[in-house]
Amino acid sequence: MLSLWQVTTGHAQAIREDQNRQVATDVARRFAIALTTYDYAHPEVQRLNVAAVSSRTVQEKISSSLPDLVAIGASSLGDVRDSIVSRLADTDARVIVSTSQVTKSRDVVTAIQIQGLLEVSLSQSSSMWIVTDYRWLVMSSGSP
């Protein structure tokens with residue numbers, strides 16, 4: 001009887017871990033797209049998309065770059081190429097996201113494509129995963 005209970009408990013834990021992995025990955029991917037998609041003329045769109053999946057600290061960090069985007073008239077369309085969970089615990093996770101974005105500004109004639117690796121840190125609170133920090137690991141640019 002104890003053996004059946006252990007198998008059932010282990011199976012339930014594996015299902016829960018798989019669900020956490022999927023949700024954390026989804027939130028990290030949504031965040032990466034929100035981070036790499038912006039338009040200096042409509043900053044509220046990025047703010048709303050970032051706010052939907054991140055902490056106040058992360059939102060403020062991203063908002064602090066808005067004056068620079070406005071100054072150069074920058075816009076970008078971002079996408080996620082791939083992602084992998086590098087750490088998963090009960091209440092926190094780390095996801096590495098491969099991004100691609102096409103950026104332009106009013107001073108640059110042709111758009112530039114940027115590839116990046118983004119490390120996204122997440123915490124689970126009240127059954128929700130939110131982004132608590134991020135950092136760029138690698139960024140490279142070229143023509144689209």
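The values are calculated or read from the model by the stated rules, or taken from the named source; none is laboratory data. Model, not experiment: these values are computed from the prediction. For neighbour counting, all protein chains shown are included, and Cβ atoms are generated from backbone atoms with ideal geometry for every residue, glycine included. Areas reflect the complete protein model, heavy atoms only, side chains present, ligands, DNA and RNA absent. Shrake-Rupley method; radii C 1.70, N 1.55, O 1.52, S 1.80 Å.
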Counting Lys and Arg as +1 and Asp and Glu as -1 over every other residue whose Cβ sits under 13 Å from the Cβ of residue 19, the net charge comes to -2
In the stretch 42-91, if every C-alpha pair distance is counted and binned at 5 Å from zero, what percent goes to each bin? 4, 14, 21, 21, 19, 11, 6, 3, 0
Carbon plus sulfur fraction of accessible area for the chain, probe 1.4 Å, in percent: 55
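Rounding to the nearest 20 debye, state how big the charge dipole of the chain is about its Cα centre with +1 on each Lys and Arg Cβ and -1 on each Asp and Glu Cβ. Write down the numbers at each step before the final one.
Values: 13 positive and 14 negative charges, 8 e Å.
Value, rounded to 20: 40 debye.
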Determine Rg/Rh for the stretch 33-134; Rg is computed over alpha-carbon atoms and Rh is the Kirkwood hydrodynamic estimate from the same atoms. 1.01
For helix 2-36, report the angle its Cα long axis makes with the longest principal axis of the Cα atoms of the chain; keep it between 0 and 90° and round to the nearest 10°. 0
Rounded to the nearest 10 Å², the accessible area of residue 38 using a 1.4 Å probe with every protein chain kept is 50
Rounded to a whole number, what is D in µm²/s for the stretch 77-144 from Stokes-Einstein with the Kirkwood radius over alpha-carbon pairs (10 °C, 1.306 mPa s)? 119
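In whole percent, what relative contact order does the chain give with Cα contacts below 8 Å and a gap of six or more residues?
Details: 265 pairs, mean separation 31.2, N = 144.
This gives 22 percent for the chain.
What is the gain in length, in nm to one decimal, between residue 13 and residue 125 on full extension, counting 0.36 nm per residue of separation less the C-alpha to C-alpha distance?
Values: separation 112, 0.36 × 112 = 40.32 nm, distance 1.82 nm.
Result: 38.5 nm gained on full extension.
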